[in-house]
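First up is the structure itself, then whatever we jot down about it.
The values are calculated or read from the model by the stated rules, or taken from the named source; none is laboratory data. Here the structure is a predicted model, which is why all the values come from computation and not from measurement. Cβ: placed from backbone, ideal geometry, glycine included. Neighbour counts: every protein chain shown.
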Amino acid sequence: MQGHQSPDYKTPLKKLVINGGYPLSGSVRISGSKNAALPMMTASILSDHDIILNGIPDLADVRTMIALLNSMGMYTKKNHNDSFTFNASGINSKFASYELVKTMRASIMVLGPLLAKHGEAKVSLPGGCAIGARPVDLHIQGLEKLGATIEIKDGYILASSDRLIGSTYSFPKKSVTGTANILMAATLAEGETKILNAACEPEIAQLGELLNSMGAKIQGLGKDCITIEGVENLGGAEIEIIPDRIEAITMVIAGIITRGELRIENINSSHMQQPIELIRKCGAKLEVFEDYLYLKGSDLISPISFQTNPYPGIPTDIQAQLMVLNTVAEGDSKVKETIFENRFMHILELKRMGANIGIDGNTAIITGVQKLNSAQVMATDLRASAALILAGLIADGETIIDRIYHLDRGYESIEEKLSNIGAKVRRID
Ligand code: UD1
């Protein structure tokens with residue numbers, strides 16, 4: 001049974017219309033994390049038993065992942081609301097097509113589990129994407145270190161192995177989905193694996209938690225050295241997906257720049273400490289509790305300079321949104337992007353809305369302006385779309401954002417959530 005329908009990529013013509021200038025107020029609930037849900041869905045490949053994931057957000061990327069898993073023979077059942085059961089006992093294909101992988105890079109995370117469980121996989125190379133080259137060489141290197149034979153042919157990764165053998169792999173550069181792939185593969189390998197310079201993101205730590213409750217033996221989760229003692233097989237498990245820290249921070253920024261007053265519910269504040277400390281510097285009032293926060297914007301917004309970093313640093317996934325805050329701050333700021341080489345595509349669109357931003361290599365130099373003006377703009381990637389919505393919320397007049405299918409990949413019911421707290425936003429064809 002299929003819980004979600006396949007994504008409809010034939011309807012990318014929808015636009016968002018935003019009338020800016022309304023302060024947001026009230027309470028908004030954050031959804032489950034996309035970047036936690038996706039790897040845990042692929043982890044279900046490793047077991048023949050039921051994996052129950054609660055709190056799965058209803059997003060295009062989630063529907064793409066379900067379509068991909070179903071195409072391999074995965075049984076997927078929607079239990080209720082946001083709870084899904086996955087059962088991989090009927091998997092009969094180890095193939096991930098270009099059509100599915102090109103729309104969502106996270107599909108690469110089927111590679112490690114397929115190889116570890118079935119000894120073979122044919123997964124399309126993801127190709128380039130708007131925010132940079134984003135190769136998967138480290139995923140491949142790491143799996144080869146565990147004994148896999150990997151060949152690239154006609155745009156596909158052809159991987160095979162007998163049982164993987166535990167080994168030590170040190171990531172030359174931190175990779176989130178790369179760590180997920182090696183971690184999942186190592187759970188069923190023979191002997192001990194050490195992942196050095198591993199990603200410490202809470203989404204990876206939760207993937208490890210799920211694997212441990214399936215019977216894996218993993219230590220060091222959330223640290224940059226993870227040790228995995230391979231087991232023969234894995235069982236069933238159930239877990240509640242952590243809240244989406246990127247959505248939460250996007251909402252915090254929305255509240256601050258509209259000079260609003262918001263209660264943001266269903267967060268895990270321990271996952272967003274550095275971003276919260278950074279945002280405090282802009283002058284807004286933030287009262288932060290374990291699972292909710294309260295904010296009140298101030299008339300004067302101070303600029304906040306920062307650079308993106310792997311967790312626990314400032315996530316690249318909120319760089320574009322924080323830049324919007326700086327466009328209307330009182331003074332100058334610098335934003336340095338260190339993770340992706342081409343993640344400034346939103347700048348051109350923000351400039352069309354009156355922002356004053358210069359670029360020097362991987363650093364943006366922003367001089368705050370009094371107000372943004374409305375314009376017709378185009379979303380170029382997921383987080384850039386969120387930035388344009390934020391800009392639209394404070395622009396004079398009507399902003400029209402084109403190509404919002406990017407947004408639907410990562411933000412659940414965004415216009416409904418924003419409308420409920422006072423934004424004037426609607427979707428048109
Ligand atoms: C994940 C997140 C994405 C986030 C990103 C960085 C998911 C599903 N996606 O993406 O939202 O923006 O982390 O926090 O969790 N790299 C290589 N070779 C590799 C792998 C990565 O050179 O084999 C480079 C990338 O090009 C990039 C950097 O390493 O410059 C970090 O990328 P990575 O952490 O792998 O990003 P993703 O896992 O794709």
task: Could you list all residues from the range 315-338 that are within 18 Å of the chain's Cα centre (by Cα), in a helix (DSSP H, G or I) and not aliphatic (A, V, I, L, M)?
output: 316, 317, 319, 321
- line: When restricted to 227, 187, the only residue away from the ligand (no atom under 16 Å from the Cβ), at pLDDT 95 or above and within 24 Å of the chain's Cα centre (by Cα) is 187
message: Can you pull out every residue in the range 402-429 that is buried (at least 19 other Cβ atoms within 10 Å of the Cβ), among the aliphatic types (A, V, I, L, M) and under 23 Å from residue 63 (Cα atoms)?
response: 404, 407, 414, 418
query: Out of the range 85-125, which residues are under 23 Å from residue 162 (Cα atoms), of a type in the set (A, V, I, L, M), assigned to a helix (DSSP H, G or I) and within 16 Å of the ligand (Cβ to nearest atom)?
result: 108, 109, 110, 111, 115
query: If you scan the range 144-184, which residues turn out to be of a type in the set (A, V, I, L, M, F, W, C) and more than 11 Å from the ligand (Cβ to nearest atom)?
result: 146, 148, 150, 152, 157, 158, 159, 164, 165, 183, 184
Any hit, the range 130-148, residues being modelled with pLDDT under 95, assigned to a strand (DSSP E or B) and assigned by TED's automatic domain parsing to the domain that holds residue 60: yes
Number of positions in the range 314-338 that are under 20 Å from residue 410 (Cβ atoms) and either within 16 Å of the ligand (Cβ to nearest atom) or without any contact (Cβ under 8 Å) to a residue 60 or more places away in the chain (or both): 11
query: If you scan the range 165-181, which residues turn out to be under 23 Å from residue 206 (Cβ atoms) and either β-branched (Val, Ile, Thr) or touching a residue at least 40 places away in the same chain (Cβ under 8 Å) (or both)?
result: 166, 174, 176, 177, 178, 179, 180, 181
- prompt: Do the conditions hold for residue 276, that is, is it in contact with an Asp or Glu (Cβ under 6 Å, 6 or more places away or on another chain) and not aromatic (Phe, Trp, Tyr)?
  reply: no
message: Being touching a Ser or Thr at 6+ places or on another chain (Cβ under 7 Å), more than 16 Å from the ligand (Cβ to nearest atom) and either hydroxyl-bearing (Ser, Thr, Tyr) or in a loop (DSSP other than H, G, I, E, B) (or both) is the filter here; which residues of the range 292-313 pass it?
response: 297, 303, 304, 305
- request: Look through the range 51-92, keep the residues that are of a type in the set (S, T, N, Q) and farther than 22 Å from residue 213 by Cβ, and return whichever of them is surrounded by the fewest Cβ atoms within 10 Å (Cβ to Cβ).
  value: 92
statement: Of 341, 398, the only residue that is over 24 Å from the mean Cα position of the chain (by Cα) and in contact (Cβ under 8 Å) with a residue 12 or more places away in the chain is 398
- line: Going through (1) crowded, with 17+ Cβ neighbours inside 10 Å; (2) assigned by TED's automatic domain parsing to the domain that holds residue 324 one by one, residue 234 fails only at (2)
message: Condition first: in a helix (DSSP H, G or I), of a type in the set (Val, Ile, Thr) and at pLDDT 95 or above. Now tell me which residues in the range 391-419 satisfy that.
response: 394
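A quick yes/no check of all residues on (1) of a type in the set (D, E, K, R); (2) at positive phi; (3) within 14 Å of the chain's Cα centre (by Cα); (4) assigned by TED's automatic domain parsing to the domain that holds residue 99:
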residue	(1), (2), (3), (4)
39	no, no, yes, yes
43	no, no, no, yes
49	no, no, no, yes
52	no, no, no, yes
58	yes, no, yes, yes
61	yes, no, yes, yes
66	no, no, no, yes
72	no, no, no, yes
78	yes, no, no, yes
- prompt: What about residue 222, is it under 24 Å from residue 52 (Cβ atoms), within 16 Å of the ligand (Cβ to nearest atom) and surrounded by fewer than 24 Cβ atoms within 10 Å (Cβ to Cβ)?
  reply: yes
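Each row is one residue, and each column tells you yes or no for (1) touching a Ser or Thr at 6+ places or on another chain (Cβ under 8 Å); (2) not basic (Lys, Arg).
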site: 384; (1), (2): no, yes
site: 389; (1), (2): no, yes
site: 393; (1), (2): yes, yes
site: 403; (1), (2): yes, no
site: 408; (1), (2): no, yes
site: 411; (1), (2): yes, yes
site: 418; (1), (2): no, yes
site: 422; (1), (2): yes, yes
